[in-house]
């Protein structure tokens, strides 16, 4: 690491925002599991590190019937894994959290960090997408709320502007009978980035939602595919059809982790398996 | 939990003792080269070539040199020293041309790692990129030579055969019988090609070397994470033109090696930096990325094999061509190539055979020894070929192998005659086939039925053999000294980097001397000034050669003790026996002395002493080995063969390609178990490494021959989630007549042929013959989707049917 | 800006910016001035000379540098030392008490759960953190937790056996 940075650990949000706005080359440090790699590989030149872990409101993991689930920017992934509330109400999110990286890294990595890093293959976004999560952002010009499907703008790029900071994620309350599942393919059973990850959800009204990662520059919510599935009505035949159709809605690349062709195949398999599981017709 | 069932007939040999180094390793006290610090020590960082092949136009190191805290900056202009184990083909620092993406272009020594790293970032290099040699085919065309000076390279003459004006670092050959007739007169001739990529050793401790070059003499002090202290000493002396006595090599605990730390690696660079920094100790530590892209790897290999058989299942002829992609330098790669010519037809009786093995330069990461070197690769070729032959003949693969496996009286490829004490391949195969419940291959109908469930099971097995791949004059030695308390201090020159050498050798000494294992003092730490010579800690040779040396030293120790005791007890030493740390008269056991009584010399009641401190030594040399004939490969290369077999049962998810390994049964004819716990560890660890090569691991290069996966992010090794559901070790004990207690080595063998067994099981499951590794989920799915029954390449581009 | 809210004091010492850090390591309070850039791993090794904690990748991928920080197993190579301000840290050197190996260490020895030993401290710390939070984990939970630690030597099976025996013995001997 050859960055020489100043370390700042504010105790309230406004100090954090003020600092981030004022100083060039400022980076937010939460879990550090991505940031420290960038620093170590000298991929960024950080002059200021703002550690947000001492800001009290960011450590909140709360659920209420009116506001749903709030995940503060300091909440580490293993808290989602261990949370009965998340497991009961947002199973896909809990499964995605449990599949992310390794046990030690999940003790540090934060859910919000996973979206702010904006990796195309990040594990949490597909589940956040199917739950219509909102990203609560604060910044020098006040607070704003961005739906998670509009948060990502490209590989490693988000809507965040200078001085802005994600405060929390908010997932609306699911209704009675809501079901979801996250499935991913990896190169080995042990910790690995997802070759493809698919979150599938059936809402209480019977409509499906599908989120997917590692098949495009950003994680995607497949709205058009969902519409077609919902039009046809969810059953085994539709699911078989959707397994084929999904390939028209994604544009994976070939890289060192997988060929595009295998990603297409896995998107198809994981979608089918997920939906079949949700309608109780496991293969 | 599995109860260990092994029972030994000996008091110490065969007992499952705890390893001697265990306590230090669980308390954080074990110190590795990585941990070492010395007063005034500097830290190094290297600038690596960003191109696989480029001309260095200019280097500007002025800004780096000006950085406070920097003590030395070196480029290829500063030294022309060449190093190499068998071929002196590697510059310590590149000059003129870089030969792989990982060649060291410049190096910095500074007061701390960060400063060194910062200084490296300030070095400006102008390169002219050149078209690299991508693969063995391009290399064999020879339009571009990786080493323009190949004709002049100093090498080990008579053992390795570099070809003039080519990219062939060594072309080794063997042949016997009349292959032409065999091919023309046999019922069936089958020709196939198999290949596998380069794979990294991945020791958890990366390569680390610290060197202090005495500014007032030629003396070099080296502390290094290495397997071969005496080879380092000899090569350093040779390359730097100094005497071996000038070079002292210290090996503390070593955090894994697997062959990757055999020979010499970072020591020469650390030496040059120390000299440039006025003699300060300089530590060069590879980052994990450098471990992947700078330090050597296992060579990729392509094997072409043609086999003739008769309808009764008799193999009549075998012709194999092995092309090793050794990357930029030969290192151990030429020796890997050499092993293929005497082991490259497997443990089979084949009257007519020929093998051509070429170690080839390309512009990839260079290659070296890796656990069982050459054998995982050649067995991937042979054991898949044997399976395919049995398919074509319609003979059960077990029966087919049993018909052709070596037996006493048969000759190996190089013409050695096996005896009853050589171990039994058949016993190994029979044991694993029984353990796995083999009842024959799946029928097409059974397969189709299973396919409907989405998961298909398959069983497969494969043979393996390996003898230590070592020069005919390989030797090792042991020094023993009795301490004042009757305990025995034992020093060896081989390195215990986790394989359990010091514990196993201590058990043999305890057995011979009949004292508790705790009374044997032996350290994993090696210092070439004190420890006796050992050639290299490689090749699973240590139990065999080192064990025999321990026995010899023990006998000398007992003889000397009895000489002194004979005087003290006023009897002929011939009348003395020993047991439980005591020497006693065979007819009058009341006349006895303890070892302690004679340890430092016996003292009479009046104070007079006789004898003196007891010291003994034992040397052991490979016996009766010869170099191989350069054209026919005939000769005696193998001190001791260890045969073995794996059988596996797997389940394939046909949609995702995920393979679950349900069971692995592994049998090795190791002659005699020295320590069941240690052998079990070698088997579990070796099988999992083999599984990594089978289903997961492999270097990926882009079209510019840059390594695309130089990190744990994309160069994965198996984790605890990836272990087989069950591993059953089977120890076959047909004793080796000249092995210590009949024992043979088994450190490397568990890794060999795991990919072959998995590949054969994949055929049983899917009815598809894969010819390329790894059998990754993606490879299996693309193979299935291609609709082909033989898959030679699993890149999408090779499977046009899929587009 | 309210500078007092930041818990560190930065000062310049022989040309380098330093921060003062205090934390508890293996039950001992330590106070040191460190570079803000220093990782927790380097702090433990370079400042405290606790060499049991190893770096094998430097990127949190292999678990060799695992220590217990406030009860959680974490990879110390990608944590800044300054992030550990006020923390309770346990390293491999803190496992044996009163000159006696812990049951966990004894079982690693007796099950031969190590070969080269370089990854061993990391495995011990991951296991300790797991068993401290769950005295009777299932095989799946053990494997899930320990799969963040890479070992190239043992094939993991002896490690798994050692952990399972530790659980049994801790239940019997410590009443966990």
Self-check item: As computed over the range A:56-171, the Cα convex hull volume per residue (Å³)
Solution: 101 Å³
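Quick one: plug the Kirkwood hydrodynamic radius of the range B:475-621 (C-alpha pairs) into Stokes-Einstein at 20 °C, 1.002 mPa s, and report D in µm²/s. Please list the in-between numbers first.
Working: Rh = 15.6 Å.
Roughly 137 µm²/s, to the nearest whole number.
Given N residues in the range A:6-51, what is Rg(Cα) / (2.2 N^0.38 Å)? All intermediate terms of the calculation are to be shown ahead of the outcome.
Numbers: Rg = 10.5 Å, N = 46, 2.2 N^0.38 = 9.4 Å.
Here the answer is 1.11, to two decimals.
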Quiz prompt | Which of B:445, C:61 has the fewest Cβ neighbours within 10 Å, and the rest in rising order | solution = B:445, C:61
Quiz item: So what are the range C:103-174's ellipsoid semi-axes, whole angstrom, largest first, if each one is the square root of 5 times an eigenvalue of the alpha-carbon gyration tensor?
Solution: 18, 14, 10
Quiz prompt | the range C:137-176 - Rg (one decimal) and Dmax (whole number), Cα, Å | solution = 11.2, 34
Practice problem: Treat each spin label as a single point 7 Å out from the Cα along the C-beta direction, and report the residue A:47 to residue B:475 distance in nm. | Solution: 6.7 nm
Self-check item: chain B, relative contact order [Cα under 8 Å, separation at least 6], %
Solution: 15 percent
Quiz item: So if R0 is 30 Å, what FRET efficiency would residue B:403 and residue C:164 give, r being the distance between their Cβ atoms, rounded to the nearest 0.05?
Solution: 0.10
Quiz prompt | Cα-based Rg / Dmax (Å) for the range B:288-346 | solution = 16.0, 53
Quiz item: Roughly what would the spin-label model give for residue A:281 and residue B:193, points 7 Å off Cα along C-beta, in nm?
Solution: 4.5 nm
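Among bridges DSSP assigns within the protein assembly as shown, what percent are antiparallel (round to 5)?
Details: 163 of 203 bridges.
The antiparallel fraction comes to roughly 80 percent.
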Practice problem: Find how many whole Å separate the alpha carbon centroid of the range B:243-276 from the alpha carbon centroid of the range C:140-162. | Solution: 31 Å
Quiz prompt | Computed [θ] at 222 nm, deg cm²/dmol, chain A (DSSP H ≥ 4; -39,500 (n - 2.57); rounded to nearest 500) | solution = -9000 deg cm²/dmol
Quiz item: In whole percent, what relative contact order does the range A:1-80 give with Cα contacts below 8 Å and a gap of six or more residues?
Solution: 35 percent
Practice problem: Give the Debye-formula value of log10 I(q)/I(0) at each listed q (0.16, 0.19, 0.22, 0.24 Å⁻¹), with one equal scatterer per alpha carbon of the range B:423-511, two decimals each. | Solution: -0.89, -1.03, -1.14, -1.20
Quiz item: If you bin every alpha carbon distance in chain A into 5 Å steps from zero, what whole percent lands in each bin?
Solution: 1, 6, 12, 17, 18, 16, 13, 8, 5, 3, 1, 0
Quiz item: Given the options C:62, C:153, C:119, which has the most mean-square fluctuation in a GNM of chain C, springs set between C-alpha atoms less than 10 angstrom apart?
Solution: C:153
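Relative to the compact-globule scaling 2.2 N^0.38 Å, provide the ratio for the alpha-carbon radius of gyration of the range B:752-795.
Details: Rg = 9.4 Å, N = 44, 2.2 N^0.38 = 9.3 Å.
That ratio works out to 1.02.
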Practice problem: For chain C, find the longest principal axis of its Cα atoms and tell me its angle to the long axis of helix C:120-133, 0 to 90°, nearest 10. | Solution: 80 degrees
Practice problem: Would you mind listing how long the protein assembly as shown runs along its three principal axes, going by Cα atoms, in whole Å with the largest first? | Solution: 99, 79, 70
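Sequence gap at least 6, Cα distance under 8 Å: using those rules, report the relative contact order of chain A to the nearest whole percent. Could the numbers behind the result be given before it?
Values: 618 pairs, mean separation 44.2, N = 283.
Worked out over chain A, it gives 16 percent.
Mind jotting down a quarter of the surface of the convex hull over the alpha carbons of the range B:1-91, in square nanometres, one decimal?
Details: hull surface 56.3 nm².
Its Cα hull, projected and averaged over all orientations, spans 14.1 nm².
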Exercise. Residues in the range B:492-517, backbone N under 19 Å from the label point at residue B:577 (7 Å along the Cα-to-beta-carbon vector): list them, ranges by number please.
Key: B:511-516
Practice problem: For helix A:223-232, report the angle its Cα long axis makes with the longest principal axis of the Cα atoms of chain A; keep it between 0 and 90° and round to the nearest 10°. | Solution: 20 degrees
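Sort B:557, B:603 so the one with the fewest other Cβ atoms within 10 Å of its own Cβ comes first.
Listed from fewest to most nearby Cβ atoms, that is B:603, B:557.
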Quiz item: Where does chain B land at 222 nm, in deg cm²/dmol rounded to the nearest 500, when only DSSP H runs of n ≥ 4 count, each adding -39500 (n - 2.57), divided by all residues?
Solution: -7500 deg cm²/dmol
Self-check item: Euclidean distance of C-alpha centroids, the range C:73-114 and the range B:59-105, integer Å
Solution: 40 Å
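Among A:131, B:10, which comes first, second and so on when ranked by fewest other beta-carbon atoms within 10 Å? Intermediate values should be presented prior to the final figure.
Values: A:131 28, B:10 15.
With the fewest neighbours first, A:131, B:10 line up as B:10, A:131.
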Practice problem: Could you work out the equivalent-ellipsoid semi-axes for chain B, taking the square root of 5 times each eigenvalue of the Cα gyration tensor, largest first, in whole Å? | Solution: 42, 38, 23
Quiz item: Rg and Dmax of the range A:179-278, using alpha carbons, in Å: what are they?
Solution: 12.9, 41
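So what's Rg/Rh here for chain C, counting alpha carbon atoms and using the Kirkwood radius for Rh?
Numbers: Rg = 17.5 Å, Rh = 17.1 Å.
That ratio equals 1.02.
For the range A:120-227, report the translational diffusion coefficient in µm²/s to the nearest whole number, using Stokes-Einstein at 4 °C, 1.567 mPa s, and a Kirkwood Rh over Cα pairs. Before the final figure, lay out each step's value.
Details: Rh = 14.7 Å.
Stokes-Einstein gives a translational diffusion coefficient of 88 µm²/s.
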Quiz prompt | Label point distance in nm, residue B:563-residue B:7, each placed 7 Å from Cα along Cα→Cβ | solution = 4.2 nm
Quiz item: To the nearest Å, what is the center-to-center distance of the range A:116-149 and the range B:424-491, using C-alpha atoms only?
Solution: 52 Å
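Bear in mind these aren't lab numbers, they're just calculated from the coordinates by the rules spelled out. Note that the structure is predicted; figures quoted are calculated from it, not measured. Glycine gets a Cβ as well: all are built from the backbone with ideal geometry, and neighbour counts include every protein chain shown.
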